[in-house]
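What follows is a single structure, written as structure tokens, with notes after it.
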């Protein structure tokens, strides 16, 4: 186990997760409900919880046994969804988000979780944790339900930056491959580059350039490049990791959520339609619940910021307790796998290769 | 009724649809099956069918009564999905796609339907039918299932052009509003501009510019501008028409299809899981079929090219007979409503307004 532990009140040998209690749409009560659910399931997690002390103490003491696993760090202010990232970074020292990142920065915790303003969290993470050497645009890796054996595909960037040039997309491929290897145990992940068609001559100029860069890195970085993929491959089986810019990725992500919600609403209506279908829904209850669990965005909740000195898990702004608990679970697993250190090593090795001529780089053989 | 009719073999007072029989993934047998289904449902449609005469004659004569409603126009060559649009436009005179557009160009038919290569069909449509005066980038308007009263939302551009600047996006808003008014009977359609957040300071620079342009045109063009919307609003109820560039629109469209397919596959699995759930699926059969019909992409199949002198309906490349028939139905309805002429009038009036100063333009009052 490579995860950092401490021996504070919340620690005693546990893996500590730093949690921003504020800034989610559902408020701190939901965040505390989420960490309580995680604490009950996993005795090896401890928390540092950031926000207004009085409010958090009231919420934590209501949950049996949680106070002993949870240290509260006072932060009087909250970053709202309306705050401009640039403003927050200059004036946000007293916010729970800043405080939560600080616990990772100073080594008290290994991973930070927040449901707050994505843009502000990203910019603050970049400012406080700093980018890995050689990374220009960090990315948010998000998960899609799929029928691949690992049950989820990874897409990046899910919305950290609305732009990405060819080199950024190539770095997303490297980071995504590393995440898939460490998070899903896939020895040789299959990477696809999102486009409007699978033909090589289609799409924007920077995508053609990225295509060549990613193809050139596939052997050394030990992934399989399947080439251009389309929107339908995000929840499909053609690849494990899909690379795109943060604008397109974010639109696709929210589109997928919208369609899943529409179908779920219509399904509920369909089962209410006749007495026979109401009976059917009772008989199929367990099966339908299993399906819901499978595609429920709250279960796969948690985007991971890749490309920084440290790990930040961004939970959905509208996450409920199940969603928060799912993000905590992901944070715990990443902390335990030592993913941050492995990713840094992969990026560093790619940066070294980048300084060589392409031919030398490709003859360096397999490295992990 | 404003639709053109003719008195050829296929005509006799019918509304004539020009159909490209070739270039779809499923081949001409599927296209013929699709037009046969439409012909049986609607006695007022006639067809001009384009492709290799011998093959089409064999397929048509197999369907009882179809030969009397369907004139075959010989075109020996086929545009494939791999063909480059620029090549096809220069060398494609003998293709079924070219021939199908020619029937609209020379007034034999009012609408053309094709399942072929989207890029080639778009470029060929632009070259042969020409753009409406004042339109720089024509767009493909596609439909999303939604819970709005009209049951579908319109999105454009669905993939005609991978780029769109602020002025293009404004024109998409005008054309989309006109389509929603004539196609869905919405007196004052609600228009949204697709972005990664609903806050005004988010997103790309051209989107902020487009925001202002669309807002400035809302009163005169008689639509409601709801501002920025997100991917989840594509199948949502916040607006009726969503405007975006063709790259983002195409990715979103295919993502929606992918998620719908995943859920449908998982639903089928869920109902196979236990004897009880198998029984449930029998009881719920009618309700589930109703749901499937509602979200089935084949039922809403057919993108409409907007911004040309004439109407072209692009059916899904992978469309089966149901999909082709659905595209024919849409083509028939647009022909009957006189939509082409109304859209041309709307764009012409906007172009006139564009020449005035903004203040004068806005004081011109409501026009249709």
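Each reported figure results from applying straightforward, stated rules to the coordinates on display, with no laboratory input. Fair warning: this is a prediction, and the values are worked out from it, not measured in the lab. Note: ideal-geometry Cβ built from the backbone for every residue, glycine included; neighbour counts use all protein chains shown.
Summary table below
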{"read-out": "Gained length - residue B:265 relative to residue B:147, 0.36 nm times residue gap less alpha-carbon distance", "value": "40.2 nm"}
{"read-out": "Proxy reagent accessibility, fewest Cβ within 10 Å first, across B:77, A:269, A:230", "value": "A:269, B:77, A:230"}
{"read-out": "Chain B, relative contact order in percent, only Cα pairs under 8 angstrom and at least six apart counted", "value": "22 percent"}
{"read-out": "For B:94, A:83, order by how many other beta-carbon atoms lie within 10 Å, fewest first", "value": "B:94, A:83"}
{"read-out": "Additional length obtainable on full extension of the chain from residue A:212 to residue A:53, 0.36 nm per residue less Cα span", "value": "52.0 nm"}
{"read-out": "Shielding by partners, peptide B:140-148 (average Cβ within 10 angstrom, other chains)", "value": "2"}
{"read-out": "Sorted by Cβ neighbour density within 10 Å, fewest at the top, the residues A:50, A:91", "value": "A:91, A:50"}
{"read-out": "Alpha-carbon centroid distance for the pair the range A:143-206 / the range B:59-111, whole angstrom", "value": "39 Å"}
{"read-out": "Fraction of beta bridges assigned by DSSP in chain A that are antiparallel (%, nearest 5)", "value": "30 percent"}
{"read-out": "Inter-copy separations for residue B:227, label at 7 Å along Cα-Cβ, nm, ascending", "value": "4.4"}
{"read-out": "Choice from A:81, A:155, A:124 showing the highest fluctuation, given a GNM over chain A with Cα pairs closer than 10 Å", "value": "A:81"}
{"read-out": "Test item: A:233-243 mean partner chain Cβ contacts at 10 Å", "value": "2"}
{"read-out": "Relative contact order, percent, the range B:1-130 [alpha-carbon distance under 8 Å, six or more residues apart]", "value": "32 percent"}
{"read-out": "Shielding of B:287-293 by partner chains, average beta-carbon count, 10 Å", "value": "5"}
{"read-out": "Spin-label pair residue B:167/residue B:80, simplified geometry with 7 Å Cα→Cβ offset, distance in nm", "value": "3.9 nm"}
{"read-out": "Label-point gap, in nm, between residue A:68 and residue B:282 - each point 7 angstrom along Cα→Cβ", "value": "5.4 nm"}
{"read-out": "Among B:281, B:103, B:38: highest mean-square fluctuation, GNM of chain B, C-alpha pairs under 10 Å", "value": "B:281"}
{"read-out": "P(r) histogram, all alpha-carbon pairs of the protein assembly as shown included - 10 Å bins from 0, percent", "value": "3, 14, 21, 23, 20, 12, 5, 2, 0, 0"}
{"read-out": "7 Å along Cα→Cβ, label-point gaps from residue B:275 to other copies, nm, shortest first", "value": "2.6"}
{"read-out": "Stretchable slack from residue A:61 to residue A:293, in nm (0.36 nm times residue separation minus alpha-carbon distance)", "value": "80.5 nm"}
{"read-out": "Relative contact order (%) - the range B:16-89, alpha-carbon pairs under 8 angstrom, separation at least six", "value": "34 percent"}
{"read-out": "Most mobile listed residue (B:329, B:64, B:314) in chain B, GNM with C-alpha springs under 10 Å", "value": "B:64"}
{"read-out": "Label 7 Å beyond Cα on the Cβ vector: residue B:41 copy-to-copy distances, nm", "value": "4.6"}
{"read-out": "Packing-based order for A:168-179, A:316-327, using average beta carbon neighbours within 10 Å, highest first", "value": "A:168-179, A:316-327"}
{"read-out": "Computed [θ] at 222 nm, deg cm²/dmol, the protein assembly as shown (DSSP H ≥ 4; -39,500 (n - 2.57); rounded to nearest 500)", "value": "-14500 deg cm²/dmol"}
